[in-house]
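Peer 1: I have a structure I would like to understand better, so I am pasting it below and will then ask my questions one at a time.
The values are calculated or read from the model by the stated rules, or taken from the named source; none is laboratory data. Values in this document were obtained by computation on a predicted structure and should not be read as measured data. With ideal geometry, Cβ positions are generated from the backbone for all residues, glycine too; neighbour counts draw on all protein chains shown.
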Amino acid sequence: MYHDAPSITCLLRDAAAGVGVSDLMEVRLFIERSCEHVQERYRKRYIDIYTGMVVDSVLELKKGSPLRADHDEENTLWVLRRLNETRTPLLAGLTVLHRTLIRKEPLHPEGTPFPGGDSVKEVNGVYYCPVKDRQKDNPRALCDICIARQTPKLKGYHDHQNSARIPKN
């Protein structure tokens, strides 16, 4: 079974090796269709952000980007089970695994804008997402896997005005 860092790294590299240009083009089309409901002013940026995130993840995994030595084996297995439970498609799963286990980055990249002017921010090595808690009851959402914390609700706070107000907890 895939429990240790080298075997999981090998599994991810082998899975990414099977991804071709046509697969990435299909992902782009899927993302475009998925973003049809997104407000027009965000749509192109979302499409570019998420397509770039998938492509970057696949390319890095093909190179054999190693799982971090400090990875938590129990958490890694939980993430793999969670992706299986949600029937996450291969490319999305590879992207989630790459961002959370290898890069230690949130699923929505830093700077991803959300309606209301909020965005994903990094403060003192901690990532904050303004929409993380809104998906708690959505069984298909992968926010529970994401390393970001919910952006705290502070009176009069908008992250585009003053990100230094986010506590580092």
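Peer 1: If I ask for residues that are aliphatic (A, V, I, L, M) and in contact with a Pro (Cβ under 9 Å, 6 or more places away or on another chain), which ones from segment 1-26 would you list?
Peer 2: Once the filter is applied, which keeps residues that are aliphatic (A, V, I, L, M) and in contact with a Pro (Cβ under 9 Å, 6 or more places away or on another chain), segment 1-26 yields only ALA5.
Peer 1: Would you check if there is a residue in segment 23-44 being assigned to a loop (DSSP other than H, G, I, E, B) and surrounded by 15 or more Cβ atoms within 10 Å (Cβ to Cβ)? Step through it out loud before you land on a result.
Peer 2: Residues of segment 23-44 that are assigned to a loop (DSSP other than H, G, I, E, B), as a first pass: 35-39.
Right, trim to surrounded by 15 or more Cβ atoms within 10 Å (Cβ to Cβ) and you get 35.
Yes, segment 23-44 contains at least one residue that is assigned to a loop (DSSP other than H, G, I, E, B) and surrounded by 15 or more Cβ atoms within 10 Å (Cβ to Cβ).
Peer 1: Now for a separate question. From the list SER57, SER65, which one is within 22 Å of ASP144 (Cβ to Cβ) and polar (S, T, N, Q)?
Peer 2: SER57
Residues checked against (1) farther than 19 Å from THR9 by Cα; (2) assigned to a helix (DSSP H, G or I); (3) small (Gly, Ala, Ser); (4) assigned by TED's automatic domain parsing to the domain that holds ASP48:
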{"position": "LEU77", "(1), (2), (3), (4)": "no, yes, no, yes"}
{"position": "LEU83", "(1), (2), (3), (4)": "no, yes, no, yes"}
{"position": "ARG87", "(1), (2), (3), (4)": "yes, no, no, yes"}
{"position": "ALA92", "(1), (2), (3), (4)": "no, yes, yes, yes"}
{"position": "LEU97", "(1), (2), (3), (4)": "no, yes, no, yes"}
{"position": "THR100", "(1), (2), (3), (4)": "no, yes, no, yes"}
{"position": "GLY111", "(1), (2), (3), (4)": "yes, no, yes, no"}
{"position": "GLY116", "(1), (2), (3), (4)": "yes, no, yes, no"}
{"position": "TYR127", "(1), (2), (3), (4)": "yes, no, no, no"}
